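One structure below.
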Amino acid sequence: MTEEMLQITGGIPLQGEITVQGAKNSALPLMAAALLCEGETVLKRVPQLSDVYAASRILNRLGCRCTAEGSTVSIRHSGAENCEIPDADMRAMRSSIMFLGPILGRMHRCTITMPGGCELGPRPIDMHLAAMRRMGVQIFEDGGKIRCTAEKLSGARIHLPLPSVGVTENVIMAAVGAEGETVLTNAAREPEIADLANYLNQCGADISGAGESTVVIRGGKKLTGTEYAVMPDRIAAMTYLCAAAASGGSICLSGANPRDMESCLHVLEAAGCTVGCCGSRIFLDRSGALKPVPYICTMPYPGFPTDAQALISAVLCTAKGTSVIEETIFESRYKHLAALMRMGANARVSGRTAVLQGVPRLHGASVEATDLRGGAAMAVAAFGAEGVTDITALHHIDRGYEHFAETFHSLGGAVRRCRFSASEREKQGVGA
Ligand code: EPU
């Protein structure tokens, strides 16, 4: 059997300008939210990713007509009222849970199973279900299926035990279809939430406070599809900036939103990079030595994002001194470090803390992507490393990055995507 791998020859400073892709973590909830609208929604700047194809499959199964042409996705509700998502589609990605709120908001019943997604430790859906119960939904679990029904969905006061991004989005979408007012407190403040609310408000919803801790949704409004451009992907942007930093390069991102990335840009500056912003452009230059960052703690927005933790760790592996990272959002998000250690990194993990002792240089190795951002972090490290790195299990990276190899290639990176025989590699004992 043949599989694909990325082959990266490190040591060439990345140079040039690229345009940032649309945000995966915004495009997916926006596609789900289109279920709430009559007529057609046209989403622009949708990244071409396997998770987007999975969301489009779900929409078609639910009775919508979802078609894509390049980065434009059109979604039209056909009036069919299928409200069950098959297990295989649920497992294809974590974001399948984003359909719970809009299906309930529209049809008041829904059958799902547990969602899949990256293995980052336990990823329960208890808060999603508890929030739906507060809105009058009854939930029964039978043989792995989670059946949700409501006579009617009612606005409610909902306080989240922690500011979950997915739960905040699901509550907003269900509440739009509920009768009365929903007040959501301790809501997540990630920019993707404001993007979702902007789209829904443009369709006719009445949502205020999105992007702040308290969101108020006045439900029951008739929504009509609209044309909407997905926000730029701040984590993809951070990935290319980190790769430039690791390789000692100098790049410019256009079509970015620097305001959404302040904590990331601040850490890159602390690591010895020169960063400048002008409108929607971000410049990064790393000509001097990388500096260690004494303490980085992942936090809900506006704190340093958990999704950028693996990426920055790949940079700090070659900073002169000790960096400490604390991961507070997910229990198990250091799997990529085993691969970085294979490349020569000196890292120690104790519980949720990782200590990186900088080494002068990493070297190429054969590694396997462990999850989406972990796989991207291996590529970041590879661009700064000496020699050739082979990265396998690319399906993880394909979930979140559009034209990954081509983008790096356009920055002068020596990278190619090629096929290999899995049995040959097994003989060589490859793995992270
Ligand atoms: N949690 C629960 N119960 C729930 C829901 C969440 O305990 O019912 C916990 C999670 O296990 C986690 C914490 O709450 O420990 C925060 O999770 P959150 O719900 O905020 O994460 P998510 O909505 O599942 C989104 C992104 C992730 C990103 C996190 C945190 C999407 C599609 N995914 O996930 O993105 O890491 O927010 O910012 O928006 C990625 O892009 O690689 C990625 C994993």
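Here are some notes:
- Among the candidates 350, 323, residue that is hydroxyl-bearing (Ser, Thr, Tyr) and free of Cβ contacts under 8 Å to residues at least 24 places away in the same chain: 350
- Subset tally (residues that are open to solvent by 20 Å² or more (accessible area, probe 1.4 Å) and at pLDDT below 90) for the range 89-114: 5
- Some residue of the range 65-86 being of a type in the set (A, V, I, L, M, F, W, C), more than 24 Å from residue 200 (Cβ to Cβ), within 16 Å of the ligand (Cβ to nearest atom) and not in a helix (DSSP H, G or I): no
- Test result for residue 303, in the same structural domain as residue 328 (by TED's automatic domain parsing), more than 16 Å from residue 327 (Cβ to Cβ) and among the small types (Gly, Ala, Ser): no
One line per residue, one yes/no per condition, for (1) touching a Ser or Thr at 6+ places or on another chain (Cβ under 9 Å); (2) outside any helix (DSSP H, G or I):
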{"position": "269", "(1), (2)": "no, no"}
{"position": "293", "(1), (2)": "yes, yes"}
{"position": "323", "(1), (2)": "yes, yes"}
{"position": "340", "(1), (2)": "yes, no"}
{"position": "359", "(1), (2)": "yes, yes"}
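- Residues of the range 316-334 classified as within 12 Å of the ligand (Cβ to nearest atom) and either assigned by TED's automatic domain parsing to the domain that holds residue 165 or open to solvent by 60 Å² or more (accessible area, probe 1.4 Å) (or both), total: 2
- Residue match in the range 213-236 (condition: part of a strand (DSSP E or B), open to solvent by less than 10 Å² (accessible area, probe 1.4 Å) and in contact with a Leu (Cβ under 9 Å, 6 or more places away or on another chain)): yes
- Check on residue 204, within 23 Å of residue 132 (Cβ to Cβ), surrounded by fewer than 24 Cβ atoms within 10 Å (Cβ to Cβ) and either among the aromatic types (Phe, Trp, Tyr) or modelled with pLDDT of 95 or more (or both): yes
- Verdict on residue 313 being assigned by TED's automatic domain parsing to the domain that holds residue 422, of a type outside the set (A, V, I, L, M, F, W, C) and open to solvent by 10 Å² or more (accessible area, probe 1.4 Å): no
- Residue 337 being crowded, with 18+ Cβ neighbours inside 10 Å and in contact with a strand residue (DSSP E or B) (Cβ under 6 Å, 6 or more places away or on another chain): yes
- The condition of being in a strand (DSSP E or B) and hydroxyl-bearing (Ser, Thr, Tyr) holds for only one of 407, 389, that being 389.
- Selection count, the range 177-192, where residues are open to solvent by less than 20 Å² (accessible area, probe 1.4 Å), farther than 14 Å from residue 214 by Cα and away from the ligand (no atom under 16 Å from the Cβ): 1
The values are calculated or read from the model by the stated rules, or taken from the named source; none is laboratory data. Only a predicted model underlies this, so the values are computations on that prediction, with no experimental measurement involved. Don't worry about glycine lacking a Cβ; one is built from the backbone with ideal geometry, like all the others, and counts go over all protein chains shown. Remember, those area values only see protein heavy atoms, side chains included, never the ligands or the DNA or RNA. Shrake-Rupley method; radii C 1.70, N 1.55, O 1.52, S 1.80 Å.
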